[in-house]
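Participant: Starting off with a structure, shown below.
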Amino acid sequence: MASDTIKTGQASGGPAVLRRVLLDNGALSALVLLLAAMALLSGDFLTTDNLLNVGVQAAVTAILAFGVTFVIVSAGIDLSVGSVAALSATVLAWSATSQGLPVWLAVILALATGLACGLVSGALISFGKLPPFIATLAMLSVGRGLALVISQGSPIPFPDSVSHLGDTIGGWLPVPVIVMVVMGLITAGVLARTYVGRAMYAIGGNEEAARLSGIRVKRQKLAIYALSGAFAAVAGIVLASRLSSAQPQAAVGYELDAIAAVVIGGASLSGGVGKASGTLIGALILAVLRNGLNLLEVSAFWQQVVIGLVIALAVLLDTARRRAGSRPGAPGGAAGGPGGKPTPAQIGKYAVAAVAVVALLVGASVWRSASSSGGGGKIKVALSVSTLNNPFFVQLKQGAQAEAKAQGISLTVTDAQNDASQQANQIQNFTSQNVKTIIINPVDSDASGPSVRAANKAGIPVLAADRTVNKADIATLVASDNVAGGKLAAKTLAEQLGGQGRILILQGTAGTSASRERGQGFAEGLKAYPGIKVVAKQPADFDRTKGLDVTTNLLQAHSGIDGIFAENDEMALGAVKALGSKAGKSVKVVGFDGTPDGLKAVQDGTLAATVAQQPQELGKMAVQNAIKVAKGEKVAEAIKVPVKVVAAK
């Protein structure tokens, strides 16, 4: 046995050590393969600026995932971290601005908020006997709701002193990366050097055995979920610092990214296994994928497919490694054959995984040609759309792509999926690619400011489409006037009702500038019609299904409704469905946007009217002006796309 050990040690040279490290960590192997593939496929990937972008884009997910690591190691789950992050950031901004508390006290209050949320979840699990899935799902809803209540659905500007957390040190080292490293070291220390960390592994391995060995399981679970909540608070502060505002709808879905990062990093959902370094690698894999696919100009829809498949491959790679490690092998439990060398079967598995990852990325580079318009043009323009899950913005994209093709330029289009942080990442990536001009359709006007300022600093002109960008220089704003459109909608609905009636209002996504501006314009327009009474208004998130559900509920609570104003056509069509035969007859519905479905409903008589913004024309004019700016030509500060009311005859 001793001689075998000596021989193994003597055979361990540099290449052998590297081989063993890669074979013993499937996630690290996947990360190395991804880095190599991205470097080959994109000349912009391995630049210093872009690698720092990857670090910044991984920071929030990694910090959240470090907290979730504690929970998963102990065989739990935490679905609330995204909402807790948003709530903590909102508490900080609200207490420091609206309440006038000192910033240091506001930061402590924000961290205490995250800690308290974690303690509540832990108490529900330990003493309330709720499954972790249910307890944290409830906290997900409570946290998001409280963030919306405190902020009244609108972003709150972040204190300047805290916003520096989103800046750089020395003009190149991002503070979020430093915070990520510090939180990673704390995680590693807690797991490896503390009683709480050892208790996590014991509880995750066998909770009953841990209890019988003297570990106070209930008390430890309180500490575990409290740590997860505190880490979520730190992540929320870092995220809001990057955006210079606390967004009540921030970090939606981030809990899934955090869990994915932990599992990709080698942790087991059944508990007892996991480490900080693995979690960091998992977060970096997700960041590299999103960054690289943006650089490769892969369609936003295909990105979701590619990311899901590569995550599955990474986990399969790690599963193969752990299965191999369970077989009899070299001393120390190394995977493989004699001397710790990989068996032919192992080599085959890793080779297949490597080929699959590389082939997938090569395929992604081929798909990008279908997702970008006019790739051979000399002028390269980038467009970040707030969401492509809405017909209005789909038409905007189509108008932009048609004009790009007609002008013979290259147009890269990305989908921010209504996530201000994701849009900031996309603008960073465009900046790294040194595109000629950037067109941004902001998720939020305030949150877009920092990333647009970074593009300004890099000398890349930015145009805003449909919504403006605050606290940054934009070459021009190409938009219709949402406030004026709201006033027009109020006038149209009032005239349809003869100046008298009870109405409902379906609001858009809380915190978005479009919802605020359209609602503001509608409220101002109604002042001229005192006979119109708003009996209720509720958000339906610009979504047709939610418009149907919310309208159905409001009609149950309020009888005798004469009209409905919806801040977009999708919600208006949901309201039409809820009204059934009443739509267009006893109840008048007015929408906004002039989408094809909305115009058809007006033609059919079920929708009384829609305020048509001509989104395809908006996209076309944005590209036209982007080309002018790229050529150094002057453009107007604001370019208005005509709006008009289309009403049923």
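Participant: Just need the relative contact order of the range 126-217 here, percent rounded to a whole number, with Cα pairs under 8 Å and 6+ apart.
Facilitator: 9
Participant: Say R0 is 51 Å: what FRET efficiency, to the nearest 0.05, do Asn553 and Ile178 get from their beta-carbon distance?
Facilitator: FRET efficiency, Asn553 to Ile178: 0.60.
Participant: Ok, one more. Bin by bin, in steps of 5 Å, what percent of the Cα pairs in the range 94-159 do you find, going until the bin that has the longest distance?
Facilitator: The calculated distribution, bin by bin, is 4, 16, 21, 21, 16, 11, 8, 4, 0.
Participant: Suppose R0 equals 56 Å. What FRET efficiency, 1/(1 + (r/R0)^6) with r the Cβ-Cβ distance, do Leu185 and Lys631 give to the nearest 0.05?
Facilitator: About 0.65, to the nearest 0.05.
Participant: Same structure, new question: Once neighbouring chains are kept in place and the probe is 1.4 Å, which whole percent of the accessible area of the range 492-649 is contributed by carbon and sulfur?
Facilitator: Summing carbon and sulfur atoms, their accessible area is 48 percent of the total for the range 492-649.
Participant: What relative contact order, as a whole-number percentage, does the chain give when Cα pairs under 8 Å and 6 or more residues apart are counted?
Facilitator: After rounding, I find 13 percent.
Participant: Over all directions, how big on average is the projection of the convex hull of the alpha-carbon atoms in the range 99-254, in square nanometres?
Facilitator: Answer in nm², one decimal: 10.7.
Participant: What do you get when you divide the Cα radius of gyration of the chain by 2.2 N^0.38 Å, with N the number of residues?
Facilitator: 1.05
Participant: Starting at the first residue of the range 194-208, write each ³J(HN,Hα) from the Karplus equation 6.51 cos²θ - 1.76 cosθ + 1.60 with θ = phi - 60°, in whole Hz, x for Gly and Pro.
Facilitator: Once rounded to whole Hz, the list reads 10, 5, 4, x, 5, 5, 4, 5, 5, 5, x, x, 6, 4, 5.
Participant: What are the aspartates and glutamates whose alpha-carbon lies under 17 Å from the alpha-carbon of Lys577, with same-chain residues fewer than 8 places away excluded?
Facilitator: Of all the aspartates and glutamates, those that pass the test against Lys577 - Cα under 17 Å, at least 8 places apart if same chain - are Asp541, Asp543, Asp549, Asp562, Glu567, Asp569, Asp597, Asp604.
Participant: Averaged over every viewing direction, what's the projected area of the C-alpha convex hull for the range 218-292? Give it in nm², one decimal, please.
Facilitator: Value for the range 218-292: 6.1 nm².
Participant: For the charge dipole of the chain, defined by +1 on Lys and Arg C-beta atoms and -1 on Asp and Glu C-beta atoms about the Cα centroid, which residue among Val462, Gln496, Val103 has the Cα displaced farthest towards the positive pole?
Facilitator: Working it through, the farthest residue towards the positive pole turns out to be Val103.
Participant: In whole Å, what are the Cα extents of the range 448-511 along the three principal axes, biggest one first?
Facilitator: Projected onto the principal axes, the Cα atoms of the range 448-511 cover 55, 22, 13 Å.
Participant: Looking at the range 464-528, which trypsin sites (Lys or Arg not before Pro) are DSSP coil and have at most 14 other C-beta atoms within 10 Å of their C-beta?
Facilitator: Qualifying residues, ordered by number: Lys471, Lys527.
Participant: Give me the distance between the Cα centres of the range 139-186 and the range 510-561, rounded to whole Å.
Facilitator: The distance from the Cα centre of the range 139-186 to that of the range 510-561 comes to 32 Å.
Participant: Using only Cα atoms, what is the ratio of the radius of gyration of the range 474-514 to 2.2 N^0.38 Å?
Facilitator: That ratio works out to 1.54.
Participant: Using θ = phi - 60° and the Karplus relation 6.51 cos²θ - 1.76 cosθ + 1.60, list the HN-Hα couplings for the range 88-105 in order, rounded to whole Hz, with x at every Gly or Pro.
Facilitator: Those phi angles translate into 4, 5, 5, 4, 4, 5, 5, 5, 7, 9, 5, 9, x, 6, x, 4, 4, 6 Hz.
Participant: Using the beta-carbon distance between Lys457 and Ala112 and R0 = 56 Å, what value does 1/(1 + (r/R0)^6) give for FRET efficiency, to the nearest 0.05?
Facilitator: Working from the Cβ atoms, E equals 0.95.
Participant: How long are the semi-axes of the equivalent ellipsoid of the range 71-126, defined as square roots of 5 times the Cα gyration tensor eigenvalues? Whole Å, largest first.
Facilitator: 27, 10, 8
Participant: With the dipole of the chain worked out from charges on the C-beta (+1 for Lys and Arg, -1 for Asp and Glu) around the Cα centre, which of Val238, Gly171, Ser80 lies farthest toward the positive end?
Facilitator: Ser80
Participant: I would also like to ask the following. If we count chymotrypsin sites (Phe, Trp or Tyr not before Pro) as exposed when they sit in a DSSP loop and have at most 13 other beta carbons within 10 Å, what is the longest stretch of the chain that avoids them all?
Facilitator: 173-649
Participant: Can you give the charge dipole size of the chain about its Cα centre, rounded to the nearest 20 debye, using +1 on the beta carbon of Lys and Arg and -1 on the beta carbon of Asp and Glu?
Facilitator: The calculated dipole for the chain is roughly 780 debye.
Participant: Over what distance in Å are the Cα centres of the range 243-310 and the range 424-482 separated?
Facilitator: Going from one Cα centre to the other spans 25 Å.
Participant: For Leu316 and Ser277 in one chain, what is 0.36 nm times their gap in residues minus the Cα-Cα distance, to one decimal in nm?
Facilitator: 12.2 nm
Participant: Explain nothing, just compute: Karplus ³J(HN,Hα) = 6.51 cos²θ - 1.76 cosθ + 1.60, θ = phi - 60°, for every residue of the range 437-444 in order, whole Hz, x for Gly and Pro.
Facilitator: Calculated HN-Hα couplings, in order: 9, 10, 10, 10, 9, x, 5, 9 Hz.
Participant: Name the residues of the range 478-505 whose amide N is less than 20 Å from a point 7 angstrom out from the Cα of Lys649 along the C-beta direction?
Facilitator: 496
Participant: Moving on to the next point. How big is the range 387-474 by Rg and Dmax over its Cα atoms, in Å?
Facilitator: When restricted to Cα atoms, the range 387-474 yields Rg and Dmax of 12.4, 34 Å.
Participant: Give the cross-link partners of Lys436 among the aspartates and glutamates, using a straight C-alpha distance below 20 Å as the criterion and excluding same-chain residues fewer than 8 apart.
Facilitator: The reachable aspartates and glutamates, counting only those whose Cα sits under 20 Å from Lys436, are Asp44, Asp49, Glu297, Glu403, Asp415, Asp473, Glu633, Glu637.
Participant: At most 16 other Cβ atoms within 10 Å and a DSSP loop assignment: could you name the trypsin sites (Lys or Arg not before Pro) in the range 557-604 that fit?
Facilitator: Those that pass, being in a loop and sparsely packed, are Lys585.
Participant: Using only the alpha-carbon atoms, how far is helix 615-630 inclined from the longest principal axis of the chain? Give it as 0 to 90 degrees, nearest 10.
Facilitator: That works out to roughly 70 degrees.
Participant: What is the diffusion coefficient of the range 560-649 in µm²/s, taking the Kirkwood radius over Cα pairs and the Stokes-Einstein relation at 37 °C with a viscosity of 0.692 mPa s?
Facilitator: The calculation lands on 229 µm²/s.
Participant: A follow-up question, please. I need the shape label for the range 517-584. Rule: rounded when a/c is under 1.5, else prolate if a/b > b/c, else oblate, with a, b, c from the alpha carbon gyration tensor.
Facilitator: oblate
The values are calculated or read from the model by the stated rules, or taken from the named source; none is laboratory data. As the structure is a prediction and not an experimental result, all values here were calculated from the model. Positions of Cβ are backbone-derived with ideal geometry, glycine not excepted, and every protein chain shown enters the neighbour counts. Side chains included, ligands, DNA and RNA excluded: accessible areas come from the protein's heavy atoms. Shrake-Rupley method; radii C 1.70, N 1.55, O 1.52, S 1.80 Å.
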